[in-house]
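In what follows, a single structure is set out as structure tokens and then discussed.
The values are calculated or read from the model by the stated rules, or taken from the named source; none is laboratory data. Remember, it's a predicted structure, so these values are computed and weren't measured experimentally. Note: ideal-geometry Cβ built from the backbone for every residue, glycine included; neighbour counts use all protein chains shown. Side chains are part of the model used for accessible areas, which takes the heavy atoms of the whole protein and leaves out ligands, DNA and RNA. Shrake-Rupley method; radii C 1.70, N 1.55, O 1.52, S 1.80 Å.
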Amino acid sequence: MKVTIVGAGNVGASCADVISYRGIASEVVILDIKEGFAEGKAMDLMQCATNTGFNTQVTGITNDYSKTANSDVVVITSGIPRKPGMTREELIGINAGIVKSVVENVLVHSPNTIVVVVSNPMDTMTYLALKATGLPKNRIIGMGGALDSSRFKYYLSKALNKPANDVSAMVIGGHGDTTMIPLTRLASYNGIPVSEFLSAAELEKVAADTMVGGATLTGLLGTSAWYAPGASVAYLVDSILNNQKKMIACSVFLEGEYGQSDICIGVPCIIGKNGIEQIVDIQLNDAEKAAFAKSADAVRNMNADLKSVLA
């Protein structure tokens, strides 16, 4: 199995590290536009092999998409972070151009690949990738919900003082500080609702902390996080390549599901060898439905800035 990661920055390199270390794919190609950057990251990773015991072959390349041929999965992390003074429209315009170019180039050499979008704003970039390529919706997946859910589980485990791996929880909605929806009502600790252990106020704080989880790390690190995003991508890729059929919250194109159409937004999906194999319809309560509709409105408003790119 072959995975291409476009973008050799912190997230892309962390993703390659986890995929290699866990033996998820036999071959990983890292591509970047900066001369020698991907090559250096690949060499550094390969020099871990004898000490960590992995056999994945990691290769770095500069802008030569022919070396990505026959990739089973392509991960797109390319793009720039929002800079001081930059408007949302400017960020979307720049990153949309990058993502559109990347997805078009990889499909020339891997026409049957499944595309995982990480670039921000993630829901909008996922929508762009789908609309620009015309691929079936099962083959374009936005990663955000997997990361948001992992952060939700972390904050729940801290509040419970229990292992995060014993916590089951999910975040749906947009991948943004004000658009994500941590489903506290459905979260559980070893099958028991977390509401049996935590008060309403404690759960409200967990949800609030989850929603600003990315911003919290940016404030501490001075840049976006990379370990958890890289691991979240690898988790998603693992479910695809090994046909694990895990239920993972992903940004996917909706056609009436959850009362929404013509939008990519986070909902629970079954992930297997065909990418999105099923959209799982959770029965939301009235408050959750209202929050989801509000989140969809915000994402759709952001998508409106793609008109010039998709024209």
Mind grabbing the accessible area of VAL309 for me, 1.4 Å probe, Å², rounded to tens? 30 Å²
Loop-only check: which trypsin sites (Lys or Arg not before Pro) in region 235-311 are DSSP coil with at most 16 other Cβ within 10 angstrom? LYS245, LYS273
Checking the a/c ratio against 1.5 first, then a/b against b/c, what shape does the Cα gyration tensor give for region 208-311? rounded
Springs between alpha-carbon atoms under 10 Å, Gaussian network over the chain: tell me which of ASN120, ASN55, ASN95 tops the mean-square fluctuations. ASN55
Please list PHE197, PHE54 from largest to smallest accessible area, probe radius 1.4 Å, with all protein chains kept in place. PHE197, PHE54
Excluding residues fewer than 8 positions from LYS289 in its own chain, the lysines with Cα under 29 Å of it are LYS131, LYS137, LYS153, LYS158, LYS205, LYS245, LYS246, LYS307
Relative to the chain, whose Cα atoms define the longest principal axis, helix 227-241 and its Cα axis are tilted in degrees, nearest 10, by 80 degrees
Nearest 10 degrees, 0 to 90: what angle lies between the long axis of helix 122-133 and the longest principal axis of the chain (Cα atoms)? 50 degrees
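Could you tell me what a quarter of the Cα convex hull surface of region 113-181 works out to, in nm² with one decimal place?
Details: hull surface 21.5 nm².
Hull-based average projected area comes out at 5.4 nm².
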Could you give the spread of the C-alpha atoms of the chain along their three principal axes, from largest to smallest, in whole angstroms? 53, 50, 39
Dipole of region 60-210, positive end: most advanced residue of GLY97, ILE192, PRO121 [Cβ charges, Cα centre]: GLY97
Determine how large the accessible area of LEU217 is when every protein chain is in place; take a 1.4 Å probe and give Å² rounded to the nearest 10. 60 Å²
Might you report the magnitude of the Cβ-based charge dipole of the chain about its Cα centre, with Lys and Arg at +1 and Asp and Glu at -1, to the nearest 20 debye? 120 debye
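Considering only DSSP beta bridges with both partners in the chain, what is the antiparallel share in %, to the nearest 5? Let's see the in-between values first.
Values: 23 of 45 bridges.
Around 50 percent antiparallel, to the nearest 5.
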For region 198-300, averaging the sequence separation of alpha carbon pairs under 8 Å that lie six or more residues apart and dividing by its residue count, the contact order in percent is 18 percent
Mind giving me the nanometre distance, one decimal, between the label points for LYS245 and ALA290, set 7 Å out from Cα along Cα→Cβ? 3.8 nm
Let me check against my output: what whole-number percent is the relative contact order of region 1-141, with C-alpha pairs under 8 Å and at least 6 apart? 23 percent
